[in-house]
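*Asks:* Input: one structure, supplied below.
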């Protein structure tokens, strides 16, 4: 067991329970008070920057979306903005990765800006979408109170100190602005089965894991009012239920770990996920793409069954 106890990063409680070891570096813990699940030890921001730009270089560049597809993919998000913030003009996407989401929102007429710790992602967004993405956690403080909408999609699970981060994020929001937060639900069927081998459990990439209770406590601690809570698990994306199941099985069998170490013997972290092998492995990148689209097709074919099973496996999405 890793002896690195601390107060819960979300609620501050000292009532922390050890769940399991993830690997020789990280342990998985749960707060008995707010049910927040997190890994210890907590990395530093400098360590994360090094990780994202060395060990977690993206495996392959996805095909850029055309304007029509990008606009269609963000229609639901645009409709929610229209409903809750109809006068919104400026949008900031924190941890925007390649910039697909803000490129889609750009087609709806919004002014968009993003941030990401990956140099590859920032270069991609500028090259293909002509969108400025800052290669850092946040834009300059001169942009405080500048944005109508903040997007934190699949980013809060990457954060060292969620309370500090969300408080900082809110500083960029106008007084009447809104925030979208999306993150995997840790209390789902697959996590209960696979524990440390569950696909989203991959420190130091993912180090903070939420359920309904812990995410509500987090946003309330940051003085935010919840407007809407909903769940989503889109079928035609690479984080569908079958994809998570397949890669969780490969991790349980130690296949991914073996592949990653073989491709890069100098790798610091033994944890391997469907997105964290190596950019140098063309063969594995091809295999990954095949698995990605195969699970998407199977998810469509098994839509009704997946919908039933997925009720406790969906992502959490909060509109604040």
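*Asks:* Between the range 137-195 and the range 32-49, what is the C-alpha centre distance in whole Å?
*Replies:* When both Cα centres are located, 15 Å separates them.
*Asks:* Simple spin-label model, 7 Å along Cα-to-Cβ: residue 32 to residue 76 in nm?
*Replies:* For the pair residue 32/residue 76, the computed spacing is 3.8 nm.
*Asks:* Then there is this: Ranked highest first by average number of other Cβ atoms within 10 Å, how do 179-185, 37-43 line up?
*Replies:* Values: 179-185: 22.6, 37-43: 21.0.
Highest-to-lowest ranking by the protection proxy: 179-185, 37-43.
*Asks:* Additional query: Using label points projected 7 Å from each Cα along Cα→Cβ, tell me how many nm separate residue 175 and residue 90, to one decimal.
*Replies:* Roughly 1.6 nm, to one decimal.
*Asks:* Now a separate question. When a/c reaches 1.5 or more, the comparison of a/b and b/c decides; with that in mind, is the range 43-184 rounded, prolate or oblate per its Cα gyration tensor?
*Replies:* On the way: a/c = 1.81, a/b = 1.14, b/c = 1.59.
Note, shape of the range 43-184 comes out oblate.
*Asks:* Shifting gears a bit: In nm, give the distance between the simple-model label positions of residue 69 and residue 231, each being 7 Å from the Cα along the Cα-to-Cβ direction.
*Replies:* Result for the modelled spin labels: 3.0 nm.
*Asks:* Then there's this: Mean residue ellipticity at 222 nm from the helices of the chain, using -39,500 (n - 2.57) per DSSP H segment of n ≥ 4 over the full residue count, to the nearest 500 deg cm²/dmol? Working shown, then result.
*Replies:* On the way: 12 runs with 118 residues, N = 320.
So the calculated ellipticity at 222 nm is -11000 deg cm²/dmol.
*Asks:* Take the Cα of residue 7, step 7 Å along the line toward its Cβ, and report every residue of the range 35-50 whose backbone nitrogen sits under 12 Å from that point.
*Replies:* No residues fall inside that zone.
*Asks:* Contour minus end-to-end for residue 24 and residue 119, with contour as 0.36 nm per residue of separation and end-to-end as the Cα-Cα distance?
*Replies:* On the way: separation 95, 0.36 × 95 = 34.20 nm, distance 2.83 nm.
Full extension from residue 24 to residue 119 adds 31.4 nm.
*Asks:* Using the beta-carbon distance between residue 17 and residue 145 and R0 = 51 Å, what value does 1/(1 + (r/R0)^6) give for FRET efficiency, to the nearest 0.05?
*Replies:* Result of the calculation: an efficiency of 0.80.
*Asks:* Tell me whether the range 157-233 comes out rounded, prolate or oblate; compute the Cα gyration tensor, take square roots of the eigenvalues as a ≥ b ≥ c, and use a/c under 1.5 as the rounded threshold. Working shown, then result.
*Replies:* Details: a/c = 2.59, a/b = 1.74, b/c = 1.49.
Note, shape of the range 157-233 comes out prolate.
Readers should treat all values here as calculations from the given coordinates under stated rules, not as data from a laboratory. Owing to the predicted nature of the structure, the values given are computational and were not obtained by experimental measurement. Methodologically, a virtual Cβ is constructed for each residue, glycine included, from the backbone with ideal geometry; neighbour enumeration extends over all protein chains shown.
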